[in-house]
Amino acid sequence: MTRTVRILGTHGVPAAYGGFETAAENVARHLVDNGWRVVVYCQEQGSGPVRYDTWQGIERVTIPEPRDGWLGTSRFDLKVIRHAGRHGDLCLTFGYNTAVLNTWHKLKRIPTVINMDGIEWSRARWGPVRQAILWTNERIGCLVGDALIADHPEIAVYLSKHAKERKIATITYGAPTVESAPTAPVTDRGLEPGRYLTLIARPIPENSIVELLTAFSRRPRGVRLAVLGDVGHDDPYHQAIRAAAGDEVDLLGPVYDPQTVTALRFHSAAYLHGHTVGGTNPSLVEALGAGNAVLAHDNEYNRWTAGDAALFFSTVDDADAALTRLLEDDALRTELGENARKRHTAEFTWAHVAGQYEDLLEQHLPATDRQEVAA
């Protein structure tokens, strides 16, 4: 019998939204290549009947949902839980945002593996009501998940305070190895390969964008800083970002095309990473895969992920000094870039990450599936 897994909690494949979608696509591709039947639930804006098709060997169940935002996603998740619950297959759920719904699968004894993401409820941007909802769902996820995936060792330590350690597996985020990229996406934006830095982050205070731009803009650097992200709104933090950007900063706006982002990463002299919370951050892992020297905020998440591929900062003064050192020392940048590739190869290739997912899922197949596969 073919091993079957249903993937829930994302917007679907092909990935066109965020980190979870990219992870789901890469894990699904790996599983299909290794003989699994993979069913991915896909969210579509609008109304109408459920649609079924196949994309690159992955079965897709596309469920329309007319509402947008968090409410629409929650309604979509409810429809997905109901649909998947009719089949009894192993479920892999990305995120615990609606873990209360997974209690239905627990009651039906449907095995469920949950990727618990970072400590999502702690993010100030959600506000107290959503923080409370996320906190509650995190606790429920710890109870109803048959296995919990932590994407960073520190997240595993955190989860062990609320769930049995035997349920917790640490599996990181992955990224492709980038050996080459076209220069047109760089030069088309007025940048010179090797003569600019990149900063790619959601424009929120916990990502230290204002601090990094302030540090970079304190003095002439002789290089550009390309900032990718939508910072053009009247939001006070967006205004603070624009005010902190000096003459050598290029606010490129949101760039969604993966090939363009990859090229901008690959041809940059270094990558700036100000994230202060969360587990293994996809943007940092992608920088390692592109061989970028890194300047990262000094916390346990970034230190474990980047290792000796990065310099670290805690204050604006730290970042200013580290930038000066990084830009004046070509040998240091080369060393950090080489260390980035070694770190990526050791921990963050999709082959390694998806293989760990497969090993974990094998352990939680329904008993009848395990018996038939063994036979």
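Where both bridge residues fall in the chain, DSSP classifies roughly 10% of the beta bridges as antiparallel.
Taking label points 7 Å from Cα along the Cα-to-Cβ direction, Tyr237 and Gln45 give a separation of 2.3 nm.
Would you mind computing the Rg to Rh ratio of segment 114-156 from its alpha-carbon coordinates, Kirkwood style for Rh? Could the numbers behind the result be given before it?
Details: Rg = 10.7 Å, Rh = 10.8 Å.
So for segment 114-156, dividing Rg by the Kirkwood Rh gives 0.99.
Which percent of the accessible heavy-atom area of segment 288-362 goes to carbon and sulfur, probe 1.4 angstrom? Write out the running numbers ahead of the final one.
Numbers: 1380 of 3000 Å².
Accessible surface attributable to carbon and sulfur in segment 288-362 totals 46 percent.
By DSSP, the beta bridges lying fully in segment 1-141 are antiparallel in about 20 percent of cases. Put a dot 7 Å past each Cα toward the Cβ at Glu192 and His352; how far apart are the dots in nm? Result: 3.6 nm between the two label points.
So what is the relative contact order for segment 53-122, in percent, with contacts set as C-alpha pairs under 8 Å and at least six apart?
On the way: 61 pairs, mean separation 17.8, N = 70.
Relative CO of segment 53-122 lands at 25 percent.
Under the criterion of Cα pairs below 8 Å and six or more residues apart, the relative contact order for segment 89-226 equals 18 percent.
At a temperature of 37 °C and a viscosity of 0.692 mPa s, determine how fast segment 1-118 diffuses translationally according to Stokes-Einstein, using the Kirkwood radius over alpha-carbon pairs as Rh; express D in µm²/s, rounded to the nearest whole number.
Estimated via Stokes-Einstein, D reaches 231 µm²/s.
Rg over Rh for the chain works out to 0.98, using Cα positions for both radii and the Kirkwood form for Rh. Rolling a 1.4 angstrom probe over segment 161-242 with all protein chains present gives an accessible area of which 49% lies on carbon and sulfur atoms.
Projecting the Cα positions of Leu288, Pro254, Asn97 onto the charge dipole of the chain (unit charges on Cβ atoms of Lys, Arg, Asp and Glu, taken about the Cα centre) puts Asn97 furthest along the positive direction. The residues of segment 19-86 present an accessible area of 47 Å² per residue when probed at 1.4 Å with all protein chains retained. Each residue, Asp230 and Leu107, gets one label point 7 Å from its Cα in the Cβ direction; the gap between the two is 3.8 nm.
With +1 on each Lys and Arg Cβ and -1 on each Asp and Glu Cβ, how big is the dipole of the chain about its Cα centre, in debye rounded to the nearest 20?
Details: 38 positive and 47 negative charges, 269 e Å.
Computed about the Cα centre, the dipole is about 1300 debye.
How high is the relative contact order of the chain, in percent, counting Cα pairs under 8 Å that sit 6 or more residues apart? It rounds to 15 percent for the chain. Per residue, the accessible area of segment 226-282 comes to 41 Å² when a 1.4 Å probe rolls over the protein heavy atoms. When each of the peptides 279-289, 249-259 is scored by the mean number of other C-beta atoms lying within 10 Å of its residues, the order from highest to lowest reads 279-289, 249-259.
Please report Rg over Rh for segment 49-133, where both radii come from the alpha carbon positions and Rh follows the Kirkwood definition. Computed over Cα atoms, the ratio is 0.99. Relative to one another, the C-alpha centroids of segment 258-320 and segment 176-252 are positioned 13 Å apart.
Calculate the FRET efficiency for Gln131 and Asp247 from the Cβ-Cβ distance with a Förster distance of 51 Å, rounded to the nearest 0.05.
Values: r = 39 Å, r/R0 = 0.76.
FRET efficiency, Gln131 to Asp247: 0.85.
Of the residues Thr62, Thr136, the one with the largest accessible area comes first in the ranking Thr136, Thr62, computed with a 1.4 Å probe on protein heavy atoms.
The values are calculated or read from the model by the stated rules, or taken from the named source; none is laboratory data. Computed from a predicted structure; not experimentally measured. Backbone-built Cβ (ideal geometry, glycine too); neighbour counts: all protein chains shown. Calculation scope for accessible area: heavy atoms of the full protein, side chains included, ligands and nucleic acids excluded. Shrake-Rupley method; radii C 1.70, N 1.55, O 1.52, S 1.80 Å.
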